[in-house]
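Everything on this sheet refers to the single structure shown next.
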Amino acid sequence: MNAVTAATHVTIELSILYFGTPVVLLSTENPDGTFNLAPMSSAWALVRPPRVAECPIQFEARAERVGHDVSGSFVIAEAVVGKVHADPRIVVPGTQHVDPGAWSPLIYNFRHYFGLGPELGHSYRSQTPRTR
């Protein structure tokens with residue numbers, strides 16, 4: 001550690017090491033055909049049950065493999081996305097790209113909810129056409 005780092009950082013002990021992810025709504029279907037809707041902050045896709053009209057982007061996926069993590073504490077579901085449903089207001093016109101400036105996901109950050117700020121840049125891998 002150099003002197004600049006030592007002078008500008010403090011050592012803290014966090015009660016959690018979960019820094020957050022986007023919050024999604026998980027819509028599931030029970031074997032009897034009834035549905036469940038719940039918020040969660042560690043998900044990557046949604047399954048076949050009814051979608052929520054107010055959600056601007058939704059993944060329709062089917063669980064391909066479900067199992068436990070090595071500790072047996074968590075269930076891991078691997079899913080294949082079949083369809084992506086997007087509100088036209090967040091799609092770059094004439095493309096198959098989501099306009100990142102138009103989509104404002106809810107972010108769960110150290111047990112608090114936030115929206116996004118202005119764009120600070122993009123990855124060299126970005127294929128999204130510039131809209132501004």
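The values are calculated or read from the model by the stated rules, or taken from the named source; none is laboratory data. The shown structure was predicted, so the numbers you read here are calculated from the model rather than taken from an experiment. Neighbour counts are summed over all protein chains in view; Cβ atoms, including those assigned to glycine, are modelled from backbone coordinates with ideal geometry. The protein model used for the area step is the full one, side chains on, heavy atoms only, and it has no ligands, DNA or RNA in it. Shrake-Rupley method; radii C 1.70, N 1.55, O 1.52, S 1.80 Å.
Quick notes on this one:
- Index of the failed condition, Arg65 passing every other in (1) surrounded by 13 or more Cβ atoms within 10 Å (Cβ to Cβ); (2) free of Cβ contacts under 8 Å to residues at least 24 places away in the same chain: (1)
- Just one of (1) of a type outside the set (Ser, Thr, Tyr); (2) closer than 19 Å to Val24 by Cα; (3) surrounded by 12 or more Cβ atoms within 10 Å (Cβ to Cβ); (4) at pLDDT 80 or above fails for Phe59. It is (4).
- Of all residues in region 75-100 being modelled with pLDDT of 85 or more, open to solvent by 50 Å² or more (accessible area, probe 1.4 Å) and in a loop (DSSP other than H, G, I, E, B), the one that is nearest to Thr128 (Cα to Cα): His97
- Leu106, sole failed condition from (1) at negative phi; (2) loosely packed, with under 10 Cβ neighbours inside 10 Å: (2)
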